[in-house]
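A.B. asks: Take this structure first; my questions come after.
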Amino acid sequence: MWTMPPTDSVLHVLSFMAVAAQSMTAALAAGRRSMDWAGVCMLGAITALGGGSIRDVLLGHYPLLWVAQPIYLAIAAAGAFATILLARLVVRLNLAFLVLDAIGLVVFTMAGCDVAWQVDASLPIVIVAGMITGCAGGVLRDILCNEVPLLFRSELYASVSVVTGLFYATAFGLSLNPPVWTLLTFALGLTFRMLAIRYKWEMPKFVFSGEER
Amino acid sequence: MWTMPPTDSVLHVLSFMAVAAQSMTAALAAGRRSMDWAGVCMLGAITALGGGSIRDVLLGHYPLLWVAQPIYLAIAAAGAFATILLARLVVRLNLAFLVLDAIGLVVFTMAGCDVAWQVDASLPIVIVAGMITGCAGGVLRDILCNEVPLLFRSELYASVSVVTGLFYATAFGLSLNPPVWTLLTFALGLTFRMLAIRYKWEMPKFVFSGEER
Amino acid sequence: MWTMPPTDSVLHVLSFMAVAAQSMTAALAAGRRSMDWAGVCMLGAITALGGGSIRDVLLGHYPLLWVAQPIYLAIAAAGAFATILLARLVVRLNLAFLVLDAIGLVVFTMAGCDVAWQVDASLPIVIVAGMITGCAGGVLRDILCNEVPLLFRSELYASVSVVTGLFYATAFGLSLNPPVWTLLTFALGLTFRMLAIRYKWEMPKFVFSGEER
């Protein structure tokens, strides 16, 4: 998606919305730790752009999106700053944010798969690249907030990303019609994620109480 | 600064001092967590050289400074080790360290801008590269000490870096006399930082107590 | 080691075992934080492959091992998943795991030195590359588990890596017979690590109780 042609303007807009949404939820997390305004904007930008950056660094895919198009930095920082002013509203729009965050997860995942294909990665790496793009930003946010990453503890988040990536990659392998398939993948991923939230689907947990070595 | 010619020996010395100073303050943080001697030296080196390393990795600018010139690793490790032996003295020289740390912030910021220019980055990325170089080492230190990064919570630190970078970049854009401008930028950044410490200037904080989603 | 010829099949097998062992110990740490199954596998893979990945990114050595050979990802994830099923057994085999982990440390260290040589790094960087490869995965694990890294606090772990690297590099510098020397280095490193565990050798600690600045 990052290198999408002008005709993909819908995905382009979705991608901007996804960056803003992920930055805004990170800003709320920053507010819970009483960060200052600069910290809120930095945490927002790191969360929204960190997943794609980690993927690009691991694949050696330069330049990074936000280096080539600093507008993404501006959107992320603006989203975080708007959250400072509109925190109460943002919370009241909780459902809208869950949808936007889910859109972000799916759009980022597909973008990550695209980048991996561009560098001729094998299928497992395409899936992993999608997952890193969709999920690693939230891991960075939780590390910087001094928490065990939510991604490792609850909800179907990484799983949604993997299923989305598998579905997307299958279509690519079969050379199916790209726009149709992109839309189908998007709808599938979004539905899966929203159902997972609605019915509180969770992975089984591994609880181990053995003593530290 | 990293690729400075022999005539820039003043900046070269400042750069060594900055690496040592950042490593020494990291060593004190390590001592508060009772790290062992190897851990103190590692934390010192990661703090002093981490900001520049993250910048280089994000920009794809290889080889990294300390890979090309391992003397920087030695200076960082030596600074941390000296702190173990001289901890009481280091604390008593608190003011000197604040100055050295501020010098580090300003010198690292200018060095980061220089590297971004070398790879033909746009102005926003030049500023961001300077900020990452000046600030990211301290973020790594706080993550490794299991703290919410100080950078996000208090003091004008990132802001000093941004103002320094903007001032430096403006001069470059106007093709002003480099040595003079470098000195002016250095003086401005250092003064701003010391005033911020002296008068406890702070960014407003974003305090949000909404429940976790 | 990563690019070893078919004749090095012993080292190849050791390398697979080392990845599995490091992933399994990470899985136990994940279980102590009640992570879900996906989180356990992700933490295992990040721990087992993170050290080599950080080294490659810092040296600009692409593609990364697990990108070129995704089988390593599968081994790491499978090791972590097996631990979920066999946690009690894994704990009872504590000694076996200490040995496997030590093998991992030594094998990873030598592999890291090899990669640094391939990119014509200087001797200090060869040693540091070995140390990063051997130790950084555990640091990532501890950060993600929200702990101050064990590496910085206790046991001779980094030191074993440094001694192993120095011994290995000396032999290379003297153009000694590679297979013999590899075996000798392996035996030395493993013995050093097991002795350090058995007799609880530790580095002196730096305990500093000065107030936060």
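A.B. asks: Given axes a ≥ b ≥ c from the Cα gyration tensor, I'd like to know whether the protein assembly as shown is rounded (a/c under 1.5), prolate (a/b larger than b/c) or oblate.
C.D. replies: On the way: a/c = 1.42, a/b = 1.00, b/c = 1.41.
Judged from the Cα gyration tensor, the protein assembly as shown comes out rounded (a/c under 1.5).
A.B. asks: Not counting the cut sites, what is the longest span of chain A without chymotrypsin sites (Phe, Trp or Tyr not before Pro) that DSSP labels loop and that have at most 14 other Cβ atoms within 10 Å?
C.D. replies: On the way: sites that count: A:Tyr199, A:Trp201.
Excluding the exposed sites themselves, the longest stretch runs over A:1-198.
A.B. asks: How do C:Leu11, A:Leu85 stack up against each other in accessible area, from largest to smallest, with a 1.4 angstrom probe? Each step should come with its number before you reach the end.
C.D. replies: Details: C:Leu11 25, A:Leu85 115 Å².
Output order, biggest surface exposure first: A:Leu85, C:Leu11.
A.B. asks: What number comes out for the charge environment of A:Pro63, summing +1 per Lys or Arg and -1 per Asp or Glu over other residues with Cβ under 15 Å away? Write down the numbers at each step before the final one.
C.D. replies: On the way: positive: A:Arg55, B:Arg55; negative: A:Asp56, B:Asp56, B:Asp120.
Once positives and negatives cancel, what remains is -1.
A.B. asks: Would you work out the charge dipole size for chain A about its Cα centre, treating the Cβ of every Lys and Arg as +1 and the Cβ of every Asp and Glu as -1, and quote it to the nearest 20 debye?
C.D. replies: Working: 12 positive and 12 negative charges, 113 e Å.
Here the size comes out at about 540 debye.
A.B. asks: Still on this structure: Compute a Gaussian network model of chain A, connecting alpha carbons closer than 10 Å, and tell me which residue from A:Gly39, A:Gly104, A:Gly52 fluctuates the most.
C.D. replies: A:Gly39
A.B. asks: Shielding by partners for C:57-69, please: the mean number of other protein chain Cβ atoms within 10 Å of each residue's Cβ. Write down the numbers at each step before the final one.
C.D. replies: Details: counts 7, 8, 4, 9, 2, 5, 7, 5, 0, 4, 11, 3, 1.
Partner Cβ neighbours, averaged per residue: 5.
A.B. asks: While we're looking at this one, here's another question. Find the relative contact order for chain C and round it to a whole percent, using C-alpha pairs within less than 8 Å whose residues are 6+ positions apart.
C.D. replies: RCO, chain C: 22 percent.
A.B. asks: Calculate for chain C the 222 nm mean residue ellipticity that helices alone would give, adding -39,500 (n - 2.57) per DSSP H run of length 4 or more and normalising by residue count, nearest 500 deg cm²/dmol. It would help to have the intermediate numbers written out before the result.
C.D. replies: Details: 9 runs with 156 residues, N = 213.
Taken over chain C, the calculation gives -24500 deg cm²/dmol.
A.B. asks: For A:Cys135, what accessible surface area do you get with a 1.4 Å probe? Give it in Å², rounded to 10.
C.D. replies: Solvent-accessible area, nearest 10 Å²: 10 Å².
A.B. asks: Could you sort A:Met131, C:Met110 by accessible area so the largest value comes first, with the probe set to 1.4 Å? Present the calculation step by step, with values, prior to reporting the outcome.
C.D. replies: Details: A:Met131 40, C:Met110 0 Å².
Putting A:Met131, C:Met110 in descending order of accessible area: A:Met131, C:Met110.
A.B. asks: List the accessible area buried at the contact between B and C, summed over both sides and calculated with a 1.4 Å probe, in Å² to the nearest 100. Mind dumping the intermediate values first?
C.D. replies: Details: alone 11600 and 11610 Å², together 20360 Å².
Answer for the B-C pair: about 2800 Å² buried.
A.B. asks: Where only protein heavy atoms count, and the probe is 1.4 Å, what is the accessible area per residue for the range C:103-155 in Å²?
C.D. replies: 26
A.B. asks: Starting from a Cα-only point model with no solvent, please compute log10 I(q)/I(0) by Debye for chain A at q = 0.12, 0.13 1/Å.
C.D. replies: Treating every Cα as an identical point scatterer, log10 I(q)/I(0) equals -0.61, -0.71.
A.B. asks: Provide the solvent-accessible area of B:Arg32, counting protein heavy atoms only and rolling a 1.4 Å probe, rounded to the nearest 10 Å².
C.D. replies: 70
A.B. asks: How much of B:Glu155 can a 1.4 Å solvent probe reach, expressed as accessible area in Å² and rounded to 10?
C.D. replies: Accessible area, nearest 10 Å²: 50 Å².
The values are calculated or read from the model by the stated rules, or taken from the named source; none is laboratory data. All of these numbers come straight from a predicted model, not from anything done at the bench. Counting neighbours? That spans all protein chains shown, and the Cβs are built from the backbone with ideal geometry, glycine included. Side chains included, ligands, DNA and RNA excluded: accessible areas come from the protein's heavy atoms. Shrake-Rupley method; radii C 1.70, N 1.55, O 1.52, S 1.80 Å.
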